[in-house]
1. How would you rank 108-115, 131-138, 234-241, highest first, on the average number of other Cβ atoms within 10 Å across their residues?
2. Quick one: Cα centre-to-centre distance for the stretch 135-157 and the stretch 269-300, in angstrom?
3. Report the GluC sites (Glu not before Pro) located in the stretch 125-201 that are in a DSSP loop and have at most 15 other Cβ atoms inside 10 Å of their Cβ, or state none.
4. Would you mind counting up the charge near M90? Only other residues with Cβ under 12 Å from its Cβ, with Lys and Arg at +1 and Asp and Glu at -1.
5. Obtain the nm distance between the two label points defined at S64 and E292 by a simple spin-label model: each point lies 7 Å from its Cα along the Cα-to-C-beta direction.
6. What does the charge count near N280 come to, summing +1 for each Lys or Arg and -1 for each Asp or Glu among other residues with Cβ under 12 Å from its Cβ?
7. For E200 and A303, calculate 0.36 nm times their separation in residues minus their Cα-Cα distance, and state this gained length in nm to one decimal.
8. How big is the dipole moment of the chain about its Cα centre under a simple scheme where the beta carbon of each Lys and Arg is +1, that of each Asp and Glu is -1, and everything else is neutral? Debye, nearest 20, please.
Amino acid sequence: MQMSFDAPNPKPTGADNGPAVSRREFDALFDAVRAWGRWSPADRGAWNRVTADLVREAAAGVRSGIVVPLALPWNTRPGPGNRKPALHHMTDLGDVEAPEPSTHKDFIAADYHGKGITHLDALCHIAYRGQLYDGRTAHEVVDATGARFGAVSTLGPLVTRGVLLDLPAVLGIPWLEPGQAVHAKDIVAAEKALDVTIGEGDAVLLRSGHVRRREELGAWDPDTASAGFHVDAVPLLAERGIALLGGDGDSDVRPSPVDGVHSPVHALALAAMGVPLLDNLDLEELSAATAEAGRHEFLLVVAPLNVPGGTGSPVNPVAVL
């Protein structure tokens, strides 16, 4: 059943998703950042960058021990940003089994690849020109039973250094307007302002402030307009050797600046670079914690569900300062 919503559809003033990129330009960019044949096992992609030494370095950077969860609440309410609500209902209210001790049980489920659930995208989630990461032909390795390459079960957990690119804090504004693109020059400016440098094996998290905007102004359709990275930011991230990309949106600026490609950053990160994505994070508490600590790097722990053949997983990443 098609749901309709009477929610504000933002028409942002001054927000700019451009410049426009032709399909030919995008294909050249895809080929330029492509990291096929680089790692083994191939379907862990850029997570192979995170060595035991990098894990130890990230853990050694913990100072206060403050733990910040980064997931949105499990979202069972329909809305313009949650067109396929998650499910949650009770299956046992203490009246099914023997009386002592009484037991309470519940059921959860979600079609999580959307805007309402914090989740991880595995490498099999996105194909471009019919190919997954490492040049695997999508229809040969993904079918109705799941994925035989690039599944979330192959990724396992990730422990690495996280870097928060808090663009609203840098710009002195509450949030970026939906439709605002973040460019390579903005990343460099943010690094300088926040006194942090993105490096090998890092997880880069972009805060646009959309969680705060939604709380203050109401929901809108983020498929129509959302702040995120322009494709011109991706070569810089590839050069720095990141292992994970995420944000409080889905990393892509929307509308897409690329003709005929609705999620170009997804295509570049997952299919070209082998970099998994974290979508729909809540970065408000982390923004406050990093500002108070005066440092925008932290230990990040991401532990997706072990779903054989799965294209991703709901997840509650944790930052430790």
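1. Highest to lowest by the protection proxy: 131-138, 234-241, 108-115.
2. First find each Cα centre; the distance between them is then 25 Å.
3. E200
4. Taking every Cβ under 12 Å from that of M90, the sum is -2.
5. Placing both labels 7 Å beyond Cα along the Cβ direction yields 0.5 nm.
6. Here the charged neighbours net out to -3.
7. Value of the extension gain: 35.1 nm.
8. 560 debye
The values are calculated or read from the model by the stated rules, or taken from the named source; none is laboratory data. In this text, all values refer to a predicted model and were calculated from it rather than measured experimentally. Because the Cβ atoms are built from the backbone with ideal geometry, glycine has one as well, and the counts that use them run over all protein chains shown. Only protein heavy atoms, including side chains, enter the accessible area calculation; ligands, DNA and RNA are left aside. Shrake-Rupley method; radii C 1.70, N 1.55, O 1.52, S 1.80 Å.
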